[in-house]
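The values are calculated or read from the model by the stated rules, or taken from the named source; none is laboratory data. Remember, it's a predicted structure, so these values are computed and weren't measured experimentally. Every residue, glycine as well, gets a Cβ built from its backbone with ideal geometry; the counts of neighbours run over all protein chains shown. Please note that ligands, DNA and RNA were not included when accessible areas were found on the heavy atoms of the full protein model with its side chains. Shrake-Rupley method; radii C 1.70, N 1.55, O 1.52, S 1.80 Å.
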Amino acid sequence: MLEEKNLVMSYHRMRRWVGYLGLGLPFTLFIGDWLFHAFEIYQNPNLMQMCHNSYTSSNHFRDSISEYFYTPMGELFVGTLCAVAFFLFLYKGYKKRPGEFMPGDSLMTNFAGIFALLVAIFPMDLEVCSTDNFRTFVSHKPVGYIHYGAAVLFFVSLGIMCLVNFRRTDTVANFGTKTSHNFYKWCGIGIFASLILILLFKLVPFLNDWAKNHDFEFLFWFETISLLFFGGSWLKKGQVSSN
């Protein structure tokens with residue numbers, strides 16, 4: 001009994017850590033990049049030495065979360081995604097049972113973990129080499145297509161988990177009947193709504209023009225909203241009830 005209880009507690013901790021990583025990623029990237037330049041760490045010879053002189057500090061608010069790969073926070077971006085993937089690979093959850101139309105929890109989390117790794121391994125592409133690029137390279141379109149495709153499938157899998165997998169119970173008949181299941185449902189709807197809004201701002205000319213004229217980094221904000229829903233759902237799933 002004690003071993004079973006410890007196993008349940010470890011699963012709850014794992015869920016919470018996934019939630020913390022998802023919630024914290026966009027904010028730690030922005031704040032970390034700002035602190036790095038505010039304290040001029042890149043100009044401190046006691047801490048580091050630049051191997052080329054073309055780097056200049058610039059805007060710390062990027063067009064998307066993925067663009068932070070090219071900032072001093074690139075390792076944090078990649079490391080967080082790898083940690084999320086690691087936790088997702090370890091997660092088991094419910095297996096698929098007779099009468100259910102969706103895959104089991106383990107298959108879905110493995111699916112999401114693979115795409116999280118692909119997002120980390122294949123950086124987004126940039127059109128030009130800017131002077132505030134902390135790397136010595138930029139990716140081109142073929143690599144960018146892999147990155148964007150993996151990112152979309154990652155968020156889609158997260159949305160499906162919220163709408164379906166997190167609303168499963170010990171019996172198929174009780175699917176979606178618990179009070180917490182409404183929370184997961186709205187988290188899933190929020191993730192998919194954010195993806196749709198990204199698509200609209202990309203494809204609809206007047207929305208795209210409005211975003212440019214008002215300096216609205218829609219990709220960053222809608223990605224952040226999706227991560228907030230993702231993190232919130234996993235934190236909720238990681239709560240231990242009094243029973």
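Miscellaneous remarks
- Looking across the stretch 200-234, the residues that are open to solvent by 40 Å² or more (accessible area, probe 1.4 Å) and closer than 21 Å to G19 by Cα come down to W221, I225, L228, F229.
- Figure legend. Inter-residue proximity from the stretch 161-184: first residues closer than 15 Å to G99 by Cα and modelled with pLDDT of 90 or more, second residues basic (K, R) and open to solvent by 80 Å² or more (accessible area, probe 1.4 Å), beta-carbon distance below 6 Å, spacing 6+ or different chains. No pairs are indicated.
Residues checked against (1) in contact with a Ser or Thr (Cβ under 7 Å, 6 or more places away or on another chain); (2) charged (D, E, K, R); (3) outside any loop (DSSP other than H, G, I, E, B):
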{"position": "F61", "(1), (2), (3)": "no, no, no"}
{"position": "F77", "(1), (2), (3)": "no, no, yes"}
{"position": "A85", "(1), (2), (3)": "no, no, yes"}
{"position": "P103", "(1), (2), (3)": "no, no, no"}
{"position": "A112", "(1), (2), (3)": "yes, no, yes"}
{"position": "L118", "(1), (2), (3)": "no, no, yes"}
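- Residue check: K236 meets all listed conditions (1) closer than 20 Å to L88 by Cβ; (2) under 12 Å from the mean Cα position of the chain (by Cα) but one, namely (2).
- The set of residues from the stretch 79-95 being under 25 Å from L29 (Cα atoms) and open to solvent by 20 Å² or more (accessible area, probe 1.4 Å) comprises G79, C82, A83, F86, F87, F89.
- Scanning the stretch 182-204 for residues that are part of a helix (DSSP H, G or I) and of a type in the set (V, I, T) gives I189, I191, I196, I198.
- Per this entry, P98 is not counted among residues that are assigned to a loop (DSSP other than H, G, I, E, B) and either modelled with pLDDT of 80 or more or buried (at least 20 other Cβ atoms within 10 Å of the Cβ) (or both).
- Pairs, first within 24 Å of I160 (Cα to Cα) and open to solvent by 20 Å² or more (accessible area, probe 1.4 Å) in the stretch 110-128, second β-branched (V, I, T) and at pLDDT below 95, C-beta under 7 Å, six or more apart: L118/I146; F122/V143; F122/I146
- Qualifying residue in the stretch 2-9 (condition: open to solvent by 70 Å² or more (accessible area, probe 1.4 Å), modelled with pLDDT of 80 or more and either closer than 24 Å to C162 by Cα or not polar (S, T, N, Q) (or both)): no
- Within the stretch 147-181, being of a type outside the set (A, V, I, L, M), in a helix (DSSP H, G or I), under 18 Å from R15 (Cβ atoms) and open to solvent by 20 Å² or more (accessible area, probe 1.4 Å) holds for R167, T179, S180.
- Residue match in the stretch 43-59 (condition: among the hydrophobic types (A, V, I, L, M, F, W, C) and modelled with pLDDT of 75 or more): no
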